Structures are given as C-alpha cells and as structure tokens.
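Engineer: Handing you a structure now.
The values are calculated or read from the model by the stated rules, or taken from the named source; none is laboratory data. From a predicted model like this one, the values you see are computed outputs, not experimental measurements. Every residue, glycine as well, gets a Cβ built from its backbone with ideal geometry; the counts of neighbours run over all protein chains shown. The area values use the complete protein model at the heavy-atom level, side chains included, leaving out ligands, DNA and RNA. Shrake-Rupley method; radii C 1.70, N 1.55, O 1.52, S 1.80 Å.
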Amino acid sequence: MPLLPEPVRRLAAWCVVLLLVAGVGWVGVRLCSAFRTAVVPVLLALLGTALLGPLYRRMVAAGVQRSLAAGLTCVAVVAVVGGAVYIVVAALIETGDQIIASLRQAAKAVSQHFGAAGTGLDDLAANSRKLLGEFGGTAASHVISGVSVVGETLAMAVLALLLVFFFLRDSHRAVGILRTVAPGGAADTAEAIARRAFEAVEGFMRGTTLIALIDALCITVGLLVLQVPGAVGLGALVFVGAYIPYLGAFISGAVAVLVALADRGFVIALWALGVVVAVQLLEGHVLQPAIQSRTVQMHPAVVMLAITAGASVAGILGMLLSVPLTAAAFGVVQELRTRYGAPEPSDS
C-alpha cells in the first residue's frame, strides 16, 4: 500500500519535472552567457537566414550557383543595411539638434504646467555639460573597455555575416545532417520539429519586417504632413522599435508625440498621437492577422514576459532575440502536440 495518495504523488512528480526543467534552463542560460561571443552570432545568423532564405532560394531556382547566390545575398544585405544605417544616421545628424531642442521645449512646457515636478528633464538637459565635466574622469577610465566592447560587437557582426553565408549555402544539407545525428528512430520527429521551429522564426522575421516597414512609412508620412521636425529620423526609430513588440512601438510613438508637442503645439501633438494610435490599430487589427496569419500566434502577455526575460538576460539584444526564439519554442510545442497529443474523443 503506497504511503502517499495518488494526487500527492502526481504533484510530487510534476514538481520534480519542473525543477529539472528549471535547472536545465538555468544552466543553458549561464552557458549561453559565458559563450555569448559564439552564441549570439549563431542566433543572429539563424534569424538572418530565416529572413533571407526566400531570396536565396529564388536565386538558386533561377540557375545561380549556390555559393554565388549566398555571396550575392550577403552582399545585398550589407548594401541594404549599410545604406539604411547611412540614411538613418544622416537624418538623425541633420535633425538631431532640432529633436533635442524640441524635447527641451517640451520639458519646459511640462514644468510651466506642472511646476517643480516637470523640471527634471530640462535641468538634466541644461546641466549636461556640467555633469559631463564632473564625471569626465570616470568616463575616460572606461574608454579602453568601451573600445573592447565595440571591437567585440564588430567581430560578432562579421562572424554572423559569415555564418549567414554558410547557412544559406549549405541549407540543403541541414536535414541530412540532422537525420544523421538524431538517435534511433527519432529522425522523422527531429526533422519535423526543426522544420516547424524554423518556419515559425522565418514567418516571424518576414512578417515583422513587412509590418515594421508599413508602420514606419505611415508614421513618417503622417509626421511629414503635420510638419513635425525630424520625421525621417522618427520614422526610422519606429522601424527599429517594431522588432520589439509593444514596448518599441510605445517608446517610438511617445518620442514622436513629444517632439510634435514641443515644436508644433498641443493641437498638432494630438494629431500626431492620433496618427500613432491609428497606425497601431491598423497593425493590431489588420496587418498582424493578415501578414502573420500563418506563423505562430502568441498571446500579448507571453510576448511581454519573453521581452522582460530577454532584457534581464542580455539587455537590448535579449529583447530583440527573445520573441523569435519564443516563436520557435511555440512551434516546437505545437509539433509535439500534433504528434503526441491525446486524440479528441469522437461525438459518436
């Protein structure tokens, strides 16, 4: 006769499973953090491969040799990303002073309406030179570490680009390699899981990029019509922020409204807010269902938790990587449920 009743034994078994999963996850996170210079380029390369895969496959289908097609795809990426960075940087340099001045005017307006509670931003902007002088010695002491971080980032970017080339060129061999290393008769299951996870990431990356482009164009056009300063730079901020769901849109939209409030007044700020809200409603009710209908659908609460966890582990980079990785995990869970889930009872 067992010492514990059946419900208690089941609860104990589930607790053991949860502890094991949590322990393995913690060890995995620590290992990824320790080997981040190798792990981050691999993850970025996988995201790049998922985004660029359709272009590469079209070139191969057109008769282009695989290595040449992968090389041309990487060159196109460097050209597009470099050109976009140049346009964004040029726009921010051209209008950056105006945006900062507008934000300072917004701080002054807030301080006039709300008294001492709104003086913090303006005081910080006005005393930035003094603060820089006071803490200049401390900042100078970190120059070498800053240069090291920049060098490490460039090295990881170059490694990620090279990995994108190899992942694209040898993508046709991936299934064979996976089936070779899969144990026993698990080759079919491993292939199905890998395909579902990669399809989820691929759909997320393509859908998010298209949605980010539409959002940025709509908000940029709206800000240009309203004659808000720095509209191109703010549109670029919207495009980049779209890769961080919800939080990125909130931050970029808030900055656009503040700039409109400072430079164009309260009425134009309300119109700018209306533009931002309209674009977000368009994204949530039209673009997301239409563009990402074939990808893994995640609840907003799950997305926010994933972003928070990613930020706590790896900062901004973790926020960018957390959602596609969560999409891949959801794809794996769906495939496992399809294969091993209990069959639904028949009505008869």
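Engineer: Is it the case, given these coordinates, that Leu213 is open to solvent by less than 30 Å² (accessible area, probe 1.4 Å), at negative phi and out of contact with any strand residue (DSSP E or B) (no Cβ under 8 Å at 6 or more places or on another chain)?
Structural biologist: Judged against the criteria, Leu213 is not a match.
Engineer: Among the numbered criteria (1) surrounded by 12 or more Cβ atoms within 10 Å (Cβ to Cβ); (2) at pLDDT below 85; (3) under 17 Å from Met156 (Cβ atoms), which single criterion is violated by Ala45?
Structural biologist: Among (1) surrounded by 12 or more Cβ atoms within 10 Å (Cβ to Cβ); (2) at pLDDT below 85; (3) under 17 Å from Met156 (Cβ atoms), Ala45 violates only (2).
Engineer: Let me ask you something else. Report yes if Leu4 is open to solvent by 70 Å² or more (accessible area, probe 1.4 Å), over 17 Å from His172 (Cβ atoms) and not in a helix (DSSP H, G or I), otherwise no. Reasoning before the result, please.
Structural biologist: Working: open to solvent by 70 Å² or more (accessible area, probe 1.4 Å): yes; over 17 Å from His172 (Cβ atoms): yes; not in a helix (DSSP H, G or I): yes.
Considered against the rule, which asks whether it is open to solvent by 70 Å² or more (accessible area, probe 1.4 Å), over 17 Å from His172 (Cβ atoms) and not in a helix (DSSP H, G or I), Leu4 comes out as yes.
Engineer: Give all pairs with beta carbons closer than 8 Å in which a residue from region 250-267 that is in contact (Cβ under 8 Å) with a residue 12 or more places away in the chain and open to solvent by 40 Å² or more (accessible area, probe 1.4 Å) meets a residue that is of a type in the set (Val, Ile, Thr) and not in a helix (DSSP H, G or I); count only pairs at least 6 apart in sequence or on separate chains.
Structural biologist: Listed pairs, sorted by first residue: Asp263/Val228; Arg264/Val228.
Engineer: Does any residue in region 155-180 that is closer than 16 Å to Thr73 by Cα come within less than 6 Å, Cβ to Cβ, of a residue that is in a helix (DSSP H, G or I) and open to solvent by 50 Å² or more (accessible area, probe 1.4 Å) six or more places away or on a different chain, and which pairs are these?
Structural biologist: Ala160/Leu44; Arg169/Arg66
Engineer: Would region 226-237 turn up any residue that is part of a helix (DSSP H, G or I), open to solvent by 20 Å² or more (accessible area, probe 1.4 Å), more than 28 Å from Gly48 (Cα to Cα) and modelled with pLDDT of 85 or more?
Structural biologist: Scanning region 226-237, I find no residue that is part of a helix (DSSP H, G or I), open to solvent by 20 Å² or more (accessible area, probe 1.4 Å), more than 28 Å from Gly48 (Cα to Cα) and modelled with pLDDT of 85 or more, so the answer is no.
Engineer: Moving on. If Cys218 satisfies all but one of (1) closer than 22 Å to Leu51 by Cα; (2) under 21 Å from the mean Cα position of the chain (by Cα); (3) of a type outside the set (A, V, I, L, M), what's the number of the condition it fails?
Structural biologist: With (1) closer than 22 Å to Leu51 by Cα; (2) under 21 Å from the mean Cα position of the chain (by Cα); (3) of a type outside the set (A, V, I, L, M) applied to Cys218, the lone miss is (1).
Engineer: Every residue in region 167-201 that is loosely packed, with under 13 Cβ neighbours inside 10 Å and assigned to a helix (DSSP H, G or I), please.
Structural biologist: His172, Arg173, Gly176, Ile177, Thr180, Val181, Asp188
Engineer: Whether any residue in region 57-67 is at positive phi, modelled with pLDDT of 85 or more and open to solvent by 60 Å² or more (accessible area, probe 1.4 Å) is what I want to check.
Structural biologist: So far as region 57-67 goes, yes, one or more of its residues are at positive phi, modelled with pLDDT of 85 or more and open to solvent by 60 Å² or more (accessible area, probe 1.4 Å).
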